[in-house]
Amino acid sequence: MSAVPADSARAQQEERENFLVFSKGFLSWALTLDHKRIGLMYLIGVMSAFFLAGILALLIRLELMTPTNTYMNNQTYNQIFTLHGAIMVFLFIIPSVPAALGNFLVPIMLGAKDVAFPRLNLCSFYLWVSGAIFFLAAMFYTGLDTGWTFYTPYSTTTQGPVVAATLGVFILGFSSIFTGLNFIVTINTMRPPGMSWFKMPLFLWATYATSIIQVLATPVLGITVLLLAAERLMHIGIFDPEYNGDPVTYQHFFWFYSHPAVYIMILPGMGIISELMSVHSHKSIFGYRFIAYSSIAIALFGFLVWGHHMFTSGMADVTTIIFSALTFTVSIPSAIKVFNWLATMYKGTVQLNTPMLYALSFIFLFTIGGLTGLWLGALSTDRVLHDTYFVVAHFHYVMVGGTLVGFLGGVFHWWPKMTGKMFSELWGKVSCALVFIGFNLTFLPQFVLGSRGMPRRYAQYVPEFQELHVISSIGAFILGIGLFVALGVVIHSLMRGRKAPPNPWGGATLEWQCSSPPPYYNFATPPRVNDPYDYTPLEYRDAERGWEYVHPPTTDTPATEPEPART
Amino acid sequence: MLLADVNETFWFPPKASTFAQETDSFFMAIMWISTFFFVLIVGVMLYFMTQYRRRPGYRGDSRALHNNALEITWTVIPTIIVIWIFARGVYGYMDMVRPPAETIDINVTARKWDWSFQYPNGAISDTLHVPVNKAVRLRMRSVDVLHSFFVPAFRAKTDLVPGRVTTMWFEPIQEGIYDLFCTEYCGDQHSEMIKRQGVFVTSYDEYEQWLAEAAKPPTHPVAHGYWLYARRGCKSCHSVEPDRRIVGPSFAKSYGESLTTSTGESVVFDENYIRESILNPQAKAREGYQNASQMPSYQGQLTEDELMAITAFLQAMKQDDFISVVADEDGLTKEDAISLGFGDEEDSAETAEAGAQEETAEGDGTRPESEEASGEATSPDAEQDQ
Ligand SMILES: [Cu+2]
Ligand SMILES: [Cu+2]
């Protein structure tokens, strides 16, 4: 059953029992087992981490306006870029989509009441919090200057709080593993009757693929940082040449996690885009099976390409060539996804609202990010571009232009569902435009900087590069303003927003069948499972009622409580 | 405008080595391919955005579409293209990692945060001098952390990994002066680990001349000590201006002072302390430097004579007139050394400063045989552990 008339007794009851207000008080949040509340707390957490690291980015860009030290010395600069990178990667991008949006959406998209292990879920949230506190305290207390990569032997000899920071990473890793585990089990066992694997929304496929990586790769990170700490404390002689270790071994260990981690970062973003492109084009997704399979393929192939971070580290030639070849293999599925998203718009009904504009920006930016990967995957050009600003620009196009923009699109898309409030379309679009312009202005010049030879992680640089750096910094401030506008839009909507209908965009996945915000039990009666991209039965009423089913979807399902599907 | 600025373009630094032509045209080839796909993707996106936008009176289709021909096309074409890109990348790479049989071999030592280059005749310099149109092979090592050798104009880059020896080669094709950057993060002064206009590509004759010149350190211990200070990386951490702290303490006015170590002991900055500080820097750290980036040990890299020369130089750093000469822009030049009485009287045309040498090298093309010999005799046989 869906689309409960807004004035019915049921609707009023659901309104009273919505997950935000049905119980009150600090403890009702702190000890909640409700995946929606946990998701929301994650959202606040990752957004705080994001704004912190974003401000650090602006400090970096301010310093780089001139070739010499202006207000930071080299040491401070090194600590700030380390903080920026480490916070963005470990505290924001990795948990952003899976932990924040994933927690909220996975059970609802399955028509379930909660994730498979609600207590484990709360546990991963607190692991995230304590890891974050540990990590931040360590870094702010004495300043870490190793870069987020912790390359040895610098990290085993520098004076910074390396051991404390690595323990923070270790704890954060467990949070990530538990979340992944939870989602794998949830998706495997709790799909409602009628939802076969290929009736699953693509966001769930992406989350599933991501979870596989989280569970398989994160332990390697844990081992790496433990070995690093042991090397530092006890000189076990694995990474430090002074004790017969080899720094390149560390790089292999590190990238064996951190390359798959790139897909932990981007796959969920791709999942969001698949949803957004389809819903806002009011058009069934093109190439459903391909997108679903390619998520898994990317996740598995992603384990085999870590060596492309080390083309200049002195690996054997044959190894280097094999890694280059494997790297190109992963590029194909990503390219085809882009074509599928575009084809989804064809002959659809495209509504250019805020989430859709973010999704389209994603396609634009991610395409640049992906194409510039061609230069870096090719061996001869990578020898020149490695560790220059070209790389900096490339991964920001993927991580920011891709993941962050996708995340923002997702936040705007599901905001009405999460909070029950609509946001200002006008200002949402303004934020998108500012983010888009600012982002390109920041990072396009960096490609040129890189190809001209500007190395990364430089506190000072030769004066020829100043012009491009200044343009980049101006762009960064526009980007910063855009993000603050986005923040303003969501905060404003909380206070002044119009009440959101259950289905404001016309989505056909299950989360749009419960009220906005959902009651704490998600669904009073089991939702009808139908094709997640079949929009034919949906009809737009008005701003207050949103989209409703004109005739109930045809798939017949037993009218019972959703039991875990047999797998 | 420097000669090297010629043929600099919007995208690229000057093309100064044999790799440049291939890498740059490959770079541009990928650029055209990418531009084509980018324009296609964004064009289609914009077209669909306007053509199918929600508007009164328009009703789009909402059912799934399939088109096998289209899907096969957009899988096969990109696949073929990336195979080509991969292959051409390998082609260029093979050239970069296969040096020709005949090369000039130069040993490179990187340390926080300076480079030193040891040439076939034993000369050691902190700048890189190579002849044009000759293949050069670098045998590189790092004594502390990771560094990476990158000369953009040569399109050549390779990491230096402590505990390993890495090699790379290139063949300069254009005379000029270029920059060398360290591209692997290595700590505080990573961004200063550059040789701004410190890579000299000259004709073979000029190179040979420079080489002969550079092999001769000054004989006077103080001048020799300074010569080592400027070439063996001390300069990047220790200043010669009073109270200017780079990473380690300034050398000015230290000799004979008594100072406190981090453990509260009191030591005198004398010959033995200097020796210990250089060979075993972690034995006693000066108060206030516990958190400074560590000084690498020079055990096995400096000879006894060189240690003595450095000591003599540090001792001379007590004198105000010496400090002011050393601390000025061009450091201790030959003339300075002579006027202070530290000069090697016999060869007054020579200068002790590497940069100054470069300019004067052309001037005295022919030198007496005897000097060559004396140069040989005093040439450092350091870096023996290579
Ligand atoms: Cu990677
Ligand atoms: Cu460096």
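The values are calculated or read from the model by the stated rules, or taken from the named source; none is laboratory data. Keep in mind it's a predicted model, so treat the numbers as computed, not measured. Positions of Cβ are backbone-derived with ideal geometry, glycine not excepted, and every protein chain shown enters the neighbour counts. When the accessible area is computed, the model is the full protein with side chains, heavy atoms only, and any ligands, DNA or RNA have been set aside. Shrake-Rupley method; radii C 1.70, N 1.55, O 1.52, S 1.80 Å.
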Just checking, which of A:F484, A:F523 is away from ligand 2 (no atom under 16 Å from the Cβ), modelled with pLDDT of 90 or more and of a type in the set (F, W, Y)?
A:F484
Test set (1) surrounded by 22 or more Cβ atoms within 10 Å (Cβ to Cβ); (2) at pLDDT 95 or above; (3) not polar (S, T, N, Q) - A:I60 fails condition number
(1)
Given the conditions (1) under 16 Å from A:I266 (Cβ atoms); (2) open to solvent by 20 Å² or more (accessible area, probe 1.4 Å); (3) touching a Phe, Trp or Tyr at 6+ places or on another chain (Cβ under 9 Å), report the number of the one that A:R452 does not fulfil.
(1)
Name, by its number, the condition in (1) touching a helix residue (DSSP H, G or I) at 6+ places or on another chain (Cβ under 8 Å); (2) β-branched (V, I, T); (3) over 29 Å from B:Q299 (Cα atoms) that does not hold for B:V161.
(3)
Can you give me the number of residues within segment B:250-283 that are aliphatic (A, V, I, L, M) and within 32 Å of the chain's Cα centre (by Cα)?
5
Quick one: would you say A:T557 is among the β-branched types (V, I, T), outside any strand (DSSP E or B), surrounded by fewer than 21 Cβ atoms within 10 Å (Cβ to Cβ) and modelled with pLDDT under 80?
yes
Of these, A:V248, A:V330, A:V350, A:V262, which one is within 14 Å of ligand 1 (Cβ to nearest atom) and open to solvent by less than 20 Å² (accessible area, probe 1.4 Å)?
A:V330
Matching residues, segment A:284-313, being within 16 Å of ligand 1 (Cβ to nearest atom) and either among the charged types (D, E, K, R) or not assigned by TED's automatic domain parsing to the domain that holds A:A209 (or both)
none
Within segment A:216-238, is there a residue that is under 20 Å from the mean Cα position of the chain (by Cα) and touching a residue at least 60 places away in the same chain (Cβ under 8 Å)?
yes
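Matching residues to (1) free of Cβ contacts under 8 Å to residues at least 60 places away in the same chain; (2) assigned to a loop (DSSP other than H, G, I, E, B); (3) over 27 Å from B:G198 (Cβ atoms); (4) among the aromatic types (F, W, Y):
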residue: B:A252; (1), (2), (3), (4): no, yes, no, no
residue: B:I278; (1), (2), (3), (4): yes, no, no, no
residue: B:K284; (1), (2), (3), (4): yes, yes, yes, no
residue: B:Q290; (1), (2), (3), (4): yes, yes, yes, no
residue: B:L302; (1), (2), (3), (4): no, yes, no, no
residue: B:L307; (1), (2), (3), (4): yes, no, no, no
Let me spell it out: the conditions are (1) aromatic (F, W, Y); (2) under 17 Å from B:L228 (Cβ atoms); (3) within 14 Å of another protein chain (Cβ to nearest Cβ), and B:F86 meets all of them except one. Which number is the exception?
(2)
Restricting to segment B:179-204, name every residue that is open to solvent by 10 Å² or more (accessible area, probe 1.4 Å), part of a strand (DSSP E or B) and within 14 Å of chain A (Cβ to nearest Cβ).
B:D179, B:K195, B:R196, B:Q197
Yes or no: segment B:262-271 includes at least one residue that is under 27 Å from A:N78 (Cβ atoms) and open to solvent by 30 Å² or more (accessible area, probe 1.4 Å).
yes
When residues of segment B:131-151 are limited to those that are open to solvent by less than 10 Å² (accessible area, probe 1.4 Å) and in contact (Cβ under 8 Å) with a residue 40 or more places away in the chain, the one nearest to ligand 2 (Cβ to nearest atom):
B:H147
With the structure loaded, tell me whether B:Y207 is surrounded by fewer than 24 Cβ atoms within 10 Å (Cβ to Cβ) and away from ligand 1 (no atom under 16 Å from the Cβ) or whether it fails that test.
yes
Determine, yes or no, whether A:P241 is in the same structural domain as A:L202 (by TED's automatic domain parsing), in contact with a Gly (Cβ under 6 Å, 6 or more places away or on another chain) and either open to solvent by 30 Å² or more (accessible area, probe 1.4 Å) or more than 16 Å from ligand 2 (Cβ to nearest atom) (or both).
yes
Can you confirm whether segment A:98-120 contains a residue that is more than 30 Å from A:R528 (Cβ to Cβ), in contact (Cβ under 8 Å) with a residue 40 or more places away in the chain and crowded, with 21+ Cβ neighbours inside 10 Å?
no
Of the residues in segment A:270-306 that are within 14 Å of chain B (Cβ to nearest Cβ) and without any contact (Cβ under 8 Å) to a residue 60 or more places away in the chain, the one that is nearest to ligand 2 (Cβ to nearest atom) is A:V305
